[in-house]
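The block underneath contains the structure these notes are about, expressed in structure tokens.
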Amino acid sequence: MSRFVALLKKQPFTLVASLPTNDCDLAKAALDGGAEVIKVHINVHHRASGTLFGSLDEERDRLTGILEVCGGRAPVGIVPGGSPVVEALLVETLRDMGFDFISAYAHHLSPDCLDVDGIGKMVAAHFSYTAGDVATLAAMGFDVFEASVMHPETYGQRMSLKDLAAYKHICDTVSQPVVIPTQCAVRPEEVRQLAAAGARAIMVGAVVTGKTRESICDSIRAFRRAISALS
């Protein structure tokens, strides 16, 4: 079983760090702050961080360094790309490199990606997906549901009660553990509302962590304290 999936099943709430760039020092900062899982990217323009991530060949050395830094400390997941759809062969390559899970929107994955053994699958809903899309998607046999459902024009805004209700609806609808990414500017003290809504993890990224080693470490440390206070 994916170490990430095992964490979600074992503990009430998990802290994931999505790095704004594929940088070993930022991975170390996230771990020092208390992140339990690290996520990196290839083949995609990441809207929240403004980073254009290159191909696997272009990012390989940096990715290998991050995998070495994390070692036994934390599982590392990867966004394998956006449009056109990701093929199973790439997922197999990433698995063989040592990545613990993939993370992608459902419309960016070919169906046979779900058939690749030995790597976890976190599949994300998009803001354009209907409630019916979410319910149908959740029945398709992947491991973790990522609620990336905020409209890009609202990125960085405070989380509203309506946003929280949207997250709760997803948690009530799907059987997979739900991860909330910080498309909204979620505050550490709001972790308890996310947990009460049924979420099993928060994935903090550039919207709340910034992009420097110091800001990432400090922000993640604040979320770590908030999560520790849940128990």
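When residues of the range 24-40 are filtered for being under 16 Å from the mean Cα position of the chain (by Cα) and among the small types (G, A, S), how many remain?
4
Let me spell it out: the conditions are (1) under 28 Å from S110 (Cβ atoms); (2) of a type in the set (D, E, K, R); (3) surrounded by fewer than 18 Cβ atoms within 10 Å (Cβ to Cβ); (4) modelled with pLDDT of 95 or more, and R47 meets all of them except one. Which number is the exception?
R47 satisfies every listed condition except (4).
I'd like to know if the range 157-168 contains one or more residues that are of a type in the set (S, T, N, Q) and closer than 20 Å to H41 by Cβ.
No.
Answer with yes or no whether L7 is assigned to a helix (DSSP H, G or I), in contact with a Leu (Cβ under 6 Å, 6 or more places away or on another chain), crowded, with 19+ Cβ neighbours inside 10 Å and not basic (K, R).
The answer is no for L7.
Looking at I78, I38, which one is at pLDDT 95 or above, more than 24 Å from A226 (Cα to Cα) and surrounded by 19 or more Cβ atoms within 10 Å (Cβ to Cβ)?
I78
Hey, can you tell me all the residues within the range 169-195 that are among the hydrophobic types (A, V, I, L, M, F, W, C) and in a loop (DSSP other than H, G, I, E, B)?
V174, C184, A185, V186
So, in the range 107-146, how many residues would count as being among the small types (G, A, S), surrounded by fewer than 20 Cβ atoms within 10 Å (Cβ to Cβ) and within 21 Å of I38 (Cα to Cα)?
Of the residues in that region, 1 qualify.
Answer with yes or no whether L90 is surrounded by fewer than 18 Cβ atoms within 10 Å (Cβ to Cβ), hydrophobic (A, V, I, L, M, F, W, C) and either touching a helix residue (DSSP H, G or I) at 6+ places or on another chain (Cβ under 9 Å) or over 25 Å from R192 (Cα atoms) (or both).
no
The values are calculated or read from the model by the stated rules, or taken from the named source; none is laboratory data. Predicted, not measured: the structure shown is a model, and the values here were computed from it. All Cβ positions, even for glycine, are placed from backbone atoms using ideal geometry, and neighbour counts span all protein chains on display.
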